[in-house]
1. I'd like to check something: does segment C:42-53 contain any residue that is assigned by TED's automatic domain parsing to the domain that holds residue C:161 and at positive phi?
2. Among the residues of segment B:137-165, how many are in contact with a helix residue (DSSP H, G or I) (Cβ under 6 Å, 6 or more places away or on another chain) and in a loop (DSSP other than H, G, I, E, B)?
3. Any residue in segment C:121-130 that is more than 20 Å from the chain's Cα centre (by Cα), assigned by TED's automatic domain parsing to the domain that holds residue C:82, crowded, with 18+ Cβ neighbours inside 10 Å and more than 11 Å from residue C:67 (Cα to Cα)?
4. Name every residue in segment C:13-28 that is crowded, with 24+ Cβ neighbours inside 10 Å and either free of Cβ contacts under 8 Å to residues at least 60 places away in the same chain or in contact with a helix residue (DSSP H, G or I) (Cβ under 9 Å, 6 or more places away or on another chain) (or both), in order of residue number.
5. How many residues, within segment C:13-48, are outside any helix (DSSP H, G or I) and more than 26 Å from residue C:288 (Cβ to Cβ)?
6. Being surrounded by fewer than 20 Cβ atoms within 10 Å (Cβ to Cβ), touching a residue at least 60 places away in the same chain (Cβ under 8 Å) and under 17 Å from residue C:168 (Cα atoms) is true for just one of C:137, C:100. Which residue is that?
7. So which of B:99, B:89, B:122 is closer than 14 Å to residue C:35 by Cα and touching a residue at least 60 places away in the same chain (Cβ under 8 Å)?
């Protein structure tokens, strides 16, 4: 029945061992194929260079300023590596603007290029949406099924309509917990680029699969924490696709990055741009006053002009210029504020020179403070968070991040700026 | 005297010919075994009880202080029974579904080996590759049944307890019942497909041992460890490839405009696990000695 | 495992004998393609294994190391399940084939009972039924009586003999000498991974000749020894009041014809010499003795 003496047996062992090894090679090949399939797109993305024609920095900035606002929809990823202490973000399960403090967040953006837009911050199984539709805006949090409806009061509404008819883009009401988009962020940076910085164009690159020019804004100041800001602008539509803020601390990765990973230049569907409160959702109305100076250009100028024009709230002083600006506010009892009284926060000014940064900080600040007893982050104890984010220094408590330093002194002053902490401590005396 | 002389030699049978539909027969036999097994039926019933239990609890407490609260989609169930399907899947995803699927897939080969039936199947003979594929189909069908058990009881219980209405998406937009049903169906399909990688992992472990409990436990542990690793920010570089990372992406179907890119990415990761561990299982099973 | 060639003639019941752990089961597993040889190759029915398994194994029914079936399925359903995995079997005749097989092993009455309710003997029978599910050229039965009570053992042996009577070729492995002696026509003896000897049982038993023991009254012992020695037997000695001598095997044929000195001639010579022949015994060596002779050690301790 079996016969090991058969001549055919001589060749068999080698073949069998071989076939056994060959079988184990199959999963090896499968693993390599999988690695290749998942790795290649990334490699191609980094390796591909754009062949867009050269432009000068001035041309490019002008192009961006003149560009027609584009209707688009897309996915943007925001990544913050601010070097903040670990925040117990596991307490914050769903999609919430507080996630922007650290780590990576994904957003979906729809805009018609005019005054209608929707930005949704994606959580694993939740979403936080900000919908702006002309003079109205909504935020909707799927986590607690809550709508906040922002409107203008009737007088402002009339003024808004007038402005809208003048074809200058109307200014939508300010939304607490607003979400940044690459375009808005870039616009703010380029507005600031003119002061105290050199502007250059880097080698063409690819963002969200599109050719883009990086506009590199390098502060002339040696003091500021900001090493450079890179705004990548779509070569075709001149729409900013990505903003990266590089800190002096880390030359490898940007401290802040907000850019499209996927973008389509086409008008989004109406369903994306409109909003009506879903049945059963809790709804809160907020009437927002229209600012006295309504056009964004004027506003930007006012901000660029900086201190001393009387627009600052009482108790606020600004020292330094350009990127080194430090804003000092006196008479704020942060600890009390966190513990109880939310109303006094409203007066806390945004950092003047770095609006992207300080706007976010203010939003966050407001997020921490319970409003009407039902803040967006009810589980997160604001005082605890404050303790965790800041460190003890002789003058008070210091929040130090890769791009921004905030010093809260024991005598009730708050100093903030895109400068190293030492500068603030010196300033505080 | 040799007995061989006393009997006429048996006529040598013709070379055995493969019959059409033989593989279908094998698969049917495997399915009968998997779905007829009492333990597996009990697992399916247990899974089906989850939405029932959840629905009843929410129904009883819906006028209480905790109405409309809860992680995931639990808070929405009382408003719309369709969400009971999603909330139940969400609850079962981290542990119960991997457990049941780990049991079925870890048992596939190791169970036969430990019972000794594997050697009898192999001398029938059945090709090892074919046997593995039929086992994989059995485990995959069981995984599908597990997901469907949750989904269908969720749908029935949700509709009975809370009614079915227009569906409010995560973005706050409300869509019609028909659209909502389609989206929920898509969620169920996505969750089902999300389990394929785990089935492959279980099948591979199942070929490594003759102790089915070991293979089952290892499979469940893989799912749990993957979930834990997914929580570690230090490992964010590998998160995208983790077995469980994209499981919750079923939520994409509840967003305003589901992004096919996200869904394809999640399914591609499952396909990758299926490919790698499927081929590992194949290499192991077709070369292993069966000595049980 | 080294150079084992089991020559099982068609229609033979081949007893594959060896103590526990001698390599019988491993050999059978290799033949059936369950285990790959670390080096070398295995052939079954002239085909290489496991590569030719799809062609060869349908012709082979096997019972390997005790029966094993799905405990929750009935005996019949287990047969159906096994057959469903056979790509060459005909599903249309399955019902009849399953019924026949169950009938043959006497399980028809218990066909619908779940396997786990079967007694050990019934399980063993079901294993045989699975091996008989279709016509086979060869039945490989590894320890078919393992764990059975005497009644079950008798039944299984009876069944094997029945199968052999219908012309089936059977390879029966066992560590029980008695079983092989009772059932088999051919024997192969294995120890420590080597096949020591094989051949028809009668030839094997006679291979080393027979011992002839003559009992005569004490006063005639010397005379008897003289007669025995003269008749041509060797090793003549007087032990315990008996005359013992050997008759070696010389010819290729089996039985007494192969013996150098046929025992009948010796007894006739003794009677002719006028001795009072009280007893005349021809002791053939048992398989155990053959084994001990071959290995120089006891059967049960070889490991």
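1. yes
2. 1
3. no
4. Result: C:13, C:15, C:16, C:17, C:18.
5. 17
6. Exactly one of C:137, C:100 is surrounded by fewer than 20 Cβ atoms within 10 Å (Cβ to Cβ), touching a residue at least 60 places away in the same chain (Cβ under 8 Å) and under 17 Å from residue C:168 (Cα atoms), namely C:137.
7. B:122
Yes/no matrix, rows are residues, columns are (1) more than 14 Å from chain B (Cβ to nearest Cβ); (2) more than 14 Å from residue C:220 (Cα to Cα); (3) at pLDDT 70 or above; (4) surrounded by fewer than 18 Cβ atoms within 10 Å (Cβ to Cβ):
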site	(1), (2), (3), (4)
C:239	yes, no, yes, yes
C:243	yes, no, yes, no
C:247	yes, yes, yes, no
C:258	no, yes, no, no
C:261	yes, yes, yes, no
C:266	yes, yes, yes, no
C:271	yes, no, yes, yes
C:276	yes, no, yes, yes
C:279	yes, no, yes, yes
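The values are calculated or read from the model by the stated rules, or taken from the named source; none is laboratory data. Only a predicted model underlies this, so the values are computations on that prediction, with no experimental measurement involved. Reconstructed Cβ throughout: ideal geometry from the backbone, glycine too, with neighbour counts over all protein chains shown.
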